[in-house]
Each structure stands twice: as C-alpha cells, then as structure tokens.
Amino acid sequence: MSHMETSFYQQAAQAELEKIHSAALTPRARMAITVQDMPCQDPEVRRHNMQEVAIGYTREQAMLEAERCLQCKNAPCVAGCPVKIDIPGFIRKVKEGDFTGAGQVIKQTNLLPSICGRVCPQEKQCQLPCTVGKALGGVDKAVQIGRLERFVADYEREHGLQTVPHAGPSSGKRVAIVGAGPAGLTCAVDVRREGHDVAVFEAFHKAGGVMVYGIPEFRLPKALVASEAGLLESMGVQFEMNFLVGRTRKLSSLLKEDGFDAVFIGTGAGLPKFMDIPGENLVGVFSANEYLTRANLMKAYEIGKAGTPIYPSRRVAVLGGGNVAMDSARMAMRLGAEEVRVLYRRTREEMPARAEEVGHAMEEGIIFDFLASPTKVVGDDKGKVAGLEVLSYQLGEPDESGRRKPVPIRGSEHFVPFDTVIVAIGNESNPLISRTTPDLHVDRHGHIIVDEKQKTSLDRVYAGGDIVLGAATVILAMGEGRRAAAAINEVLQ
Amino acid sequence: MKTEHRIVSKRQLSEEVYRIEVLAPLVARERKAGQFVVVMYDEEYSERIPLTIADADPEKGTVTLIFQTVGASTHKLALKEPGDSIVLLGPLGNPTHIEKFGWAVCVGGGIGLAPLHPIVKALKEAGNRVTVISGARTAELLIMQDEMNAVADENIVVTDDGTAGRKALVTVPLAELCAASPPPDIVVAIGPPIMMKFCAETTRPFGIKTLASLNTIMIDGTGMCGGCRVSVGGATKFVCVDGPEFDAHQVDWGQMMSRLGAYKDIEKEAHEKCHLEMSIKQLEKERS
Ligand SMILES: Cc1cc2nc3c(=O)[nH]c(=O)nc-3n(C[C@H](O)[C@H](O)[C@H](O)COP(=O)(O)OP(=O)(O)OC[C@H]3O[C@@H](n4cnc5c(N)ncnc54)[C@H](O)[C@@H]3O)c2cc1C
Ligand SMILES: Cc1cc2nc3c(=O)[nH]c(=O)nc-3n(C[C@H](O)[C@H](O)[C@H](O)COP(=O)(O)OP(=O)(O)OC[C@H]3O[C@@H](n4cnc5c(N)ncnc54)[C@H](O)[C@@H]3O)c2cc1C
Ligand code: SF4
Ligand code: SF4
Ligand code: FES
C-alpha cells in the first residue's frame, strides 16, 4: 500500500460527506460509505523518528465514519467494550458534529479515552461484534470505534475543553492506591469523586505505569499520559512518587499506622520472563522491559541529553509475538538498527499483537520469521551476543483449542547472526508486595486472588489490573480499578 | 505527606569521592545495613544510579551516601549542592544477614569501604569480633578510616603503592587471616568486581563462607527490568531484589564483569564531557 497524506483522506471524506444527507440514509447506503483509514506518518519517515505514527482523523473523516454506524437497538458493540461505553450514543453526537457532547458520553464510563482510543485491541473488543463489520464480512470493515473515540478525546484536549471530574465533599476517609498505572489511576478518580482523600504511591518518578515506561512515544505520546494524570492532581489526588510499597513502607503499616482506611493494589505485571535457554545473560540480551524503559521512560533516544545509554545495535532479534514484541522491534528500528527480525513460534494468525501494530511494523520494514524459535544465544569471546541458534517449526495437528500446534522440525537448527536479542515473551507478577505481606493470598503465578468485588484475602485491601489478571490490557485494568473503587466507596460509606 | 529529598550537607572526601546527606525520613527509618537507594540528579534526563546507604540518622531523617565520580551520572550528582533536591527511591535490596558468627573479616576496596561500614557496625553490634581490611590504590583514596577505626576490633590498611599501610593487595592479609587457627567464620567483601573475585578465590580453598555485594548495572531497582541479572550457582538472579549480597564462591564473575562493561564506549565519551564540565565549574568557583 502506498502512503497517503492526511490531505488526501480529508478531501475524499469531505466530498463523500457532501454527497450524503444523513437523514435519508438507508442502512444499505450507510454500509456503502468508505471505511475511513487512519492518516499516518509515511513509513519511510517515521521509522527514523519518535513522533506518533497515527495522526488522527480529521473532523470530516470523523463525521463521515460516524455516519457508518447503524445505531443498532441492541448495540452489540457495547457488550464488547470492557467498560461498556455507550458507543452508539457517542457516535450519534459525532455525527451531529457535537464533539463536546460525544466526549461527555464517553467520560461517563471511560476516564482515559485518548489512551484507550489509541491502544485498545478494538478488533477483539468493541469492533468485533459490530453489525456493520459482520454484514460486510470482516472486522476491518466494522465502524472504527476506537479511532472515533480518540478523535473525540483529542478534540477535547486540543480545544481546552477537558473537565476535571468533581470531587465530592470531604468524607474524612483516606484511601491509598499502590501503583500509578491505568488500574490505580482509574480507581483513584472514582474514590476521590466520593470525597475520600486519596494518595497514590508510585515506585517510579512518573505516573502512568506501562503507559509511560513500556508503550513507546510513537504509539502513545507521553505528554498525553501526563495530561491525564494532571487532571487527577487537579481533583486533589496526591501523588507520592519514588515510593516503593513493601520497602519504603509496608502495606500493613499504611493501614495500621498511617491511618489509611482502605488500600488498592495496582502494581502490574512487572517481572520479565526469559526463555530459559543457554546464553541469556550475555551482553546484548535484554528483556523488553529493560529495552523499552531505557528508551521511553529514561529517554535514551535523546542521545546527548539522556544520561541512560542504549545499546548500539545493528542486527536485532525480537523474541515473541505480542504488543510488547512489536513495540520493541519498532523501537529498535527507530534507534538505528539496520535489520530487525521478529522470531515467533507460530504464524501471523496466532500473533496476540493488535493487528494494526503488526501491519505498521511490516510497513516499517520489520522482518517476521514465523515458525521459528531460538534454542540458544551464541556469544563471542568477549561475552557479547554473536547470534542465535534457531529451530524451525511446522504446523501440526490441531490441538484442543482447534489451533494447529507448532512442532519443531528435527535437525533444523541453524545459526543466524545478531548483535542484540530482545526477549519479549511476557511478564509475570512482581512478588514484592506479596512477599512482604504474609496474609495476602496469591495463586501459583503470583497473581493476587480477589473476589467479584476485587477484594483480596485481607480486610480493606483491594487489587486489580495486571497484578490480578496477569499481563492483560489497559482497558481491562481500568475496568478492575473502577470495580474496586465502587467496592471501596461502598465499605467506606 | 509529599516527601522532598533535599541534600542537607555535602563534603568532598578525596579527589573523586563525595559524601552527601539527603533528607529522606522514611528511608532513614526503614533501612538496614546492606540496603541501597536509587538516585537521579533530575527527573527528565538522569540515569538511575544505585548507591548503598552508608549511614542513616532516623532522628534527623537523613541518609548518607558516599560515591565516587566514575562516570557522567556520578559527576552530575557531585555538582549538586546542599539545598538542591534529588530523586531518591529506597531502601532497596535485602539487608545483610547479621548474626553472631564469631569472627568476621570485612574487606573493603576503594569506594567499597563506604557500603562496608554499616555492615561492620551491625556485625559488631551483634557481638562479633570484626577485623577490617581497608584497601585503596593510594593513600588519598583511602576513605572512612576514622569510622572504621572507631568500630572495628582491628583495621589492616593496604595500598597498591604503599603510600599508606602495607604495600599489598587486600588478598595478601586476607590469605594470612584465613590461615589462622581458628580461621574466620565469615568474610564479607565489597569493592571492585575484580577484587571481590580474588577475595573469593582466596577464601575458597579454606572453605570460609564469603559474601560479596554486587554492583551490577541497574535501571529500576525493583525487579522489573532484569538488567541487573547475574548467574549465581548456575541460576539467574536479579541483584536488586535477590541481592545485592551473594555467596561469592557461586557468582559467575566473568559474566558479571562483562555485563558491567556493556556500555563502556558510550560511557567513556559521556564521562570525558562531564569531566570537562566539572573542571570548568571548579575553575569558575576558584575565580569567584
Ligand atoms: C510494551 C507493552 C505494550 C503494551 N501494549 C498494549 C496495548 O497496545 N494495548 C493494551 O490495552 N495494553 C497493552 N499493554 C498492556 C497494558 O499496558 C497493561 O495491561 C496495563 O498497563 C496494566 O495496568 P496496571 O495498572 O495493572 O499496571 P501497570 O501499568 O503495570 O502499572 C503498575 C504501576 O505500579 C508501580 N508499582 C509496582 N510495584 C509497586 C510498589 N510496590 N509500590 C509502588 N508502586 C509500584 C509500577 O512502577 C507501575 O507504575 C502493553 C504492555 C506492554 C509492557
Ligand atoms: C547495589 C549497588 C550499590 C552501589 N553502591 C555504590 C556506592 O555506595 N558508592 C559508589 O560510588 N558506587 C556505588 N555503586 C556503583 C554506582 O552505582 C555506579 O558507579 C554508578 O551508577 C556509575 O554511574 P556513572 O554514570 O557515573 O558511570 P558510568 O560511566 O556510567 O559507568 C562507570 C562504571 O559504573 C558501572 N555502571 C554504569 N551504570 C551503572 C548503573 N546504572 N548501576 C550500576 N553500575 C553502573 C559501569 O559498568 C562502569 O563500570 C553501587 C552499585 C550497585 C548496583
Ligand atoms: S474503551 Fe476500548 S473497547 Fe471500549 S469502546 Fe473504547 S476502544 Fe472500544
Ligand atoms: S454495533 Fe456497530 S453499527 Fe451497531 S451501534 Fe455499535 S458501532 Fe454502531
Ligand atoms: S534493576 Fe531492574 S530488575 Fe534489577
């Protein structure tokens, strides 16, 4: 696909918009409207810069895309959204050109729409059951709900229309939130609304969790996360940065000595998994967490300014097939690698990454080696990575889930030279809090066990997000934060 | 509640070594011997620098850090003055396991004498007889001597060039002590990796339990990145959460040293730039 400038999409959208008269549109006519593509930076240009890849819909594009929605009575899309946004409701407002009104509809259930609009795996959530997509025979033809959500949120922010959620009259109760990721931030807002004093404790020097240290600038601008966190501060939420609960202060001390009436734990899944193959501690092997943290949070890409160095790479192997792998590969490309290959044991169909990100990575020149997995990292005489020994796979019989299982091809081991290996096969839960809080029950993966109200085995202690779910998504973490807040507000009544 | 980490005092101990006292009441209250903090000289561009808590005053709410200006980040930290704020996270890592072992020999090389001091103190308080071996390249770099003399039962001084104490490496007196009967019950070594490695080789034939405090490269210091990992007894360990102290006989020293050198070329360049900046600042200071 050749690259198109925003102006092209804009003109086409305007022309099509002028042709249609919404009042008279039949469902058939709505479905005939062109799906609005997302204007993006030219892949040849963006692979060398950190600016956001997706530029965002223009006003006309948004209004035209909104015309595609059939306003279904049963709204199957809503069921696909973990926080149950009134999707037809906000799309109707977009159609009418009332973007502020659209924003208000979204904000009833989602506090961070500019983030979700960008990073939700829509094709597996709201857009999957969309009637239009179903009728047109493909989820890629569904109403582009996420892009519309992003448009609305960006419109609000760019026009200074963001409103600070209202904090109720002081209740005299205090709530501690551990971790400033999406779960913690969402919980903080909802608890603060009820008038409780809220303190957020965060280990890092910036709020946002994975949204600031993991997901790269070119996919989710950090200024945007900072602006959302800023809203919380305006609401009166206190931030205690550089505070590691379990070390700086024990969880039990927060409750027993510091006078907090309830605690929410949203500490995420911050423990990198490795492959457990020989050579993984050689110089040049990184966890995706380390690589991305250096690049994002520590701004290593601003060479000359940033104190944190980034490894100079020419040939990079990324192991894994999720969002984390895509982000690592695309980051390595932007940091100057000549060749970046993603090694994945299965095929494109099974990749858990968002389809859009895989597409973007391919456009940027990332090479995918499917049905391949390393058995060993090979080092040189200085203890640095020289390459990988790779085993090839083929698809075998379908397993219980109906997916064809990859089976190794015997004797297919071959050497591929690399100087950098980024392991992006997922995260487990950080055990720090559970280790320092004896009565907190966790399962064998270290995930905190909670009931349907997100309550843990300890009184007045709630948990949610990746620390409960394992590595999941931003919106699921927010959903859990919200449910926990409701339960906390109930017990503190 | 918002805690600001302000530098309350600063002293230059030698040409390359600085001692700062930072206001950090919660850290000062919780910390134990062997633990460290991560500091940043600013919030935007600073590297995260792990430094051992050399001392703490829970009354005043301060922690003392002693660091050597080895590269760009430590130089920038050295440019901070009393009254300035820094970012500080801690206390991190596991405290040193302190008990009454009997006779403990504590070996400190160069800047390693700073993190060694709280351990010497704690071992002494637990009722051990403590012998310290203080080593440095030259007399000017020999720090913490008054403090060591005040707590240790005995302090053996060695320098590479003989400008203070014996002209020897720390492993020479260490081997002599190991040969005593009864031999030491435990050895703790903190210093450059190469020194810790040779301390381990010295005590190994005597079968004396030896602990080393590893100073790997770190980012978060909380177990999130895996950048600090080393191989200990064949298993991968994260120094920030599983350590920083490990059985020195089990550490893969070769691997640890090559991992420490991962960014050598980039760091060298940044260091030279900073050294220049610092010299300019000092010149300016002298002029005014
Ligand atoms: C590279 C990458 C890309 C991703 N891409 C997507 C995507 O495109 N779409 C999507 O929906 N999801 C994506 N995810 C997953 C998503 O980011 C997570 O599911 C989500 O951030 C989880 O939120 P959380 O609030 O539970 O935890 P986190 O975001 O992990 O936040 C936890 C916070 O708690 C802090 N903390 C931890 N322990 C302590 C402690 N003891 N004391 C104080 N603070 C502590 C941490 O420093 C952190 O800031 C991605 C994840 C990664 C790593
Ligand atoms: C648990 C622990 C406790 C420590 N305690 C002290 C202490 O009390 N006093 C002291 O002077 N030093 C201590 N160090 C070492 C100190 O952190 C490094 O000297 C410092 O980070 C170097 O930064 P730089 O930019 O000035 O030097 P650089 O030019 O970056 O590097 C110089 C040397 O330091 C190593 N280094 C670089 N970055 C890091 C990093 N992020 N973490 C660790 N080492 C690194 C390099 O491999 C190199 O050998 C400790 C390290 C650890 C892990
Ligand atoms: S929050 Fe996510 S799932 Fe829900 S409507 Fe928005 S993009 Fe879709
Ligand atoms: S399912 Fe699709 S068409 Fe129907 S209301 Fe939802 S977004 Fe509109
Ligand atoms: S410093 Fe990141 S895991 Fe230890």
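Under 20 °C and 1.002 mPa s, how fast does the stretch A:234-326 diffuse according to Stokes-Einstein, given a Kirkwood radius computed over C-alpha pairs? Answer in µm²/s, whole number.
Values: Rh = 17.1 Å.
This corresponds to a translational diffusion coefficient of 125 µm²/s.
Using a Förster radius of 56 Å, what is the FRET efficiency between residue A:26 and residue A:416 based on their Cβ-Cβ separation? Nearest 0.05, please.
With R0 = 56 Å, the Cβ-Cβ based efficiency is 0.50.
In what order do A:490, A:397, A:194 fall by count of nearby beta-carbon atoms within 10 Å, going from fewest to most?
Details: A:490 10, A:397 7, A:194 20.
By the 10 Å Cβ count, ascending, the order reads A:397, A:490, A:194.
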Taking Cα centroids, how far is the stretch B:79-95 from the stretch A:276-330 in Å? 26
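Arrange B:260, B:88 by Cβ neighbour counts within 10 Å, fewest through most, would you? If you can, show how the numbers build up before the last one.
Details: B:260 17, B:88 24.
Final ranking by Cβ density, sparse to dense: B:260, B:88.
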Rounded to the nearest 5, what % of DSSP beta bridges with both residues in chain B are antiparallel? 60
I'd like the Kirkwood hydrodynamic radius of the stretch B:134-249, using the inverse of the mean 1/r over distinct C-alpha pairs, in Å. 15.6
Relative to the longest principal Cα axis of chain B, at what angle does helix B:193-203 sit, 0 to 90 degrees, rounded to 10? 10
Going by alpha carbons, how many degrees (0 to 90, nearest 10) lie between the helix axis of B:113-125 and the longest principal axis of chain B? 50
In Å³ per residue, the alpha-carbon convex hull of the stretch A:3-158 encloses 114
Measure of compaction for the stretch A:95-184 (Cα Rg per 2.2 N^0.38 Å): 1.35
Calculate the translational D of the stretch A:273-426 in whole µm² s⁻¹ from Stokes-Einstein, where the hydrodynamic radius comes from the Kirkwood formula applied to all Cα pairs, the temperature is 20 °C and the viscosity 1.002 mPa s. 135
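Loop by DSSP (not H, G, I, E, B), at most 11 other beta-carbon atoms within 10 Å: where is the longest site-free stretch of chain A for trypsin sites (Lys or Arg not before Pro)?
Result for the longest clean stretch: A:74-304.
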For the stretch B:3-92, report the % of Cα-Cα distances exceeding 16 Å. 47
Folded to 0 to 90 degrees: helix B:264-287 orientation relative to chain B principal axis, Cα: 60
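For chain A, what Kirkwood radius comes out of the mean inverse Cα-Cα distance, in Å?
Working: mean 1/r = 0.0416 Å⁻¹.
Taking the inverse mean of 1/r over all distinct Cα pairs, chain A comes out at 24.0 Å.
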Ranking of A:264, A:418 by count of other Cβ atoms within 10 Å, fewest first: A:418, A:264
With runs of 4+ DSSP H residues as the only contributors, calculate the mean residue ellipticity of chain B at 222 nm using -39,500 (n - 2.57) per run, divided by the residue total and rounded to the nearest 500. -9000 deg cm²/dmol
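Wrap a convex hull around the Cα atoms of chain B, take a quarter of its surface area, and give that in square nanometres. Working shown, then result.
Working: hull surface 63.1 nm².
Taking the Cα atoms of chain B, their convex hull projects to 15.8 nm² on average.
Taking a threshold of 24 Å on the Cα-Cα distance, which of the pairs A:93/A:222; A:299/B:76; A:384/A:405; B:80/B:268; A:384/B:80; A:384/B:264 fall above it?
Correct reply: A:93/A:222; A:384/A:405; A:384/B:80.
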Take every DSSP beta bridge whose two residues both sit in chain A, then give the antiparallel share in percent to the nearest 5. 40
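At 222 nm, what value in deg cm²/dmol follows for chain A if DSSP H runs of at least 4 each add -39500 (n - 2.57) and the sum is divided by all its residues, to the nearest 500? Please list the in-between numbers first.
Values: 20 runs with 174 residues, N = 493.
Calculated mean residue ellipticity at 222 nm is -10000 deg cm²/dmol.
All of the numbers you see were taken from the coordinates with simple rules; none came from a lab. All values derive from a computational prediction rather than experimental measurement. Using ideal geometry, Cβ is built from the backbone for each residue, glycine included, and neighbour counts are taken over all protein chains shown.
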